[in-house]
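What follows is a single structure, written as structure tokens, with notes after it.
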Amino acid sequence: MLASVGPRLRALRKQRGTTLAELSEATGISVSTLSRLESGGRRPTLELLLPLARAHQVPLDDLVGAPATGDPRVHPRPIVRNGVTYLPLTRRPGGLQAYKQIFPPNTPAEPLERQIHEGYEWLYVLSGRLRLLLGDHDLVLAPGEVAEFDTRVPHAIANPGPGPTEVLSLFGPQGERLHVRARPKVR
């Protein structure tokens, strides 16, 4: 299995149109080490493969050619922060991340503290109501409504109640935005 890692790394880099120098800059791994990895002259280690997987935005299993598990379903492990449950819907490291968020009524508690951080977020309300404080705006979104925003704008998100709120959230950590390719029919 390890013998096929080098050619797989080279193919992935070339497919993405990345030079060894660009990959070296993105990973902190020297050009000579990357070249030896690709040619099979250097044995791949976890220490080298993890930053390469992050740079190429692929699971580590793709780099080493691990056999498919046969089960494509995502089995999310809930994360609870400040009373809000986050169910990760993506497994890929880095890049856009998808979450289902469940806000119990009146979560988080008042007063809401606005935050800023790198990134771009897209929210779709599945059920309940979602309060979005964004810059000077104070909005309440209902099921089927969508909001997208640069997370460097001060913002806070909460459930004003009375029942739970479920939200589908897509987050790009480096300000990555969604690119919608579908166009409505012209009548």
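Remarks
- Selected residue (only one of LEU63, LEU37 is touching a helix residue (DSSP H, G or I) at 6+ places or on another chain (Cβ under 7 Å), modelled with pLDDT under 85 and over 30 Å from VAL146 (Cβ atoms)): LEU63
Results for (1) within 18 Å of ARG81 (Cβ to Cβ); (2) surrounded by 15 or more Cβ atoms within 10 Å (Cβ to Cβ); (3) at pLDDT below 95; (4) basic (Lys, Arg), shown as yes or no for each residue.
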| position | (1), (2), (3), (4) |
| --- | --- |
| ASP136 | no, no, yes, no |
| VAL146 | no, no, yes, no |
| ASP150 | no, yes, yes, no |
| ALA158 | yes, yes, yes, no |
| PRO162 | no, no, yes, no |
| LEU170 | yes, yes, yes, no |
| VAL180 | no, no, yes, no |
| ARG187 | no, no, yes, yes |
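For (1) surrounded by fewer than 14 Cβ atoms within 10 Å (Cβ to Cβ); (2) assigned by TED's automatic domain parsing to the domain that holds ARG10; (3) at pLDDT below 90, each residue gets a yes or a no:
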site: THR27; (1), (2), (3): no, yes, no
site: GLY41; (1), (2), (3): yes, yes, yes
site: HIS56; (1), (2), (3): no, yes, yes
site: PRO72; (1), (2), (3): yes, no, yes
site: ALA98; (1), (2), (3): no, no, yes
site: PHE103; (1), (2), (3): no, no, no
site: GLY119; (1), (2), (3): no, no, yes
site: GLY128; (1), (2), (3): no, no, no
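- Those strands (runs of 3 or more DSSP E) of the range 100-154 in which at least 1 residues are acidic (Asp, Glu), considering only elements entirely within it, cover 120-127, 137-141, 146-150.
- Filter result (small (Gly, Ala, Ser) and part of a helix (DSSP H, G or I)) within the range 1-58: ALA3, SER4, GLY6, ALA11, ALA21, SER24, ALA26, SER32, SER35, SER39, ALA53, ALA55
- Annotation note: Cβ proximity below 8 Å between a residue of the range 136-156 that is closer than 21 Å to GLY172 by Cβ and a residue that is among the hydrophobic types (A, V, I, L, M, F, W, C) and not in a strand (DSSP E or B) (sequence gap 6+ or interchain) occurs for GLU148/LEU178; THR151/ILE116; ARG152/ILE116; VAL153/ILE116; PRO154/ILE116; HIS155/ILE116; ALA156/LEU112.
- Residues (surrounded by fewer than 14 Cβ atoms within 10 Å (Cβ to Cβ) and closer than 20 Å to PHE149 by Cα) located in the range 105-117: GLU113, ARG114, GLN115, ILE116, HIS117
The values are calculated or read from the model by the stated rules, or taken from the named source; none is laboratory data. Given the structure is predicted, the values throughout are model-derived calculations rather than measurements. Because the Cβ atoms are built from the backbone with ideal geometry, glycine has one as well, and the counts that use them run over all protein chains shown.
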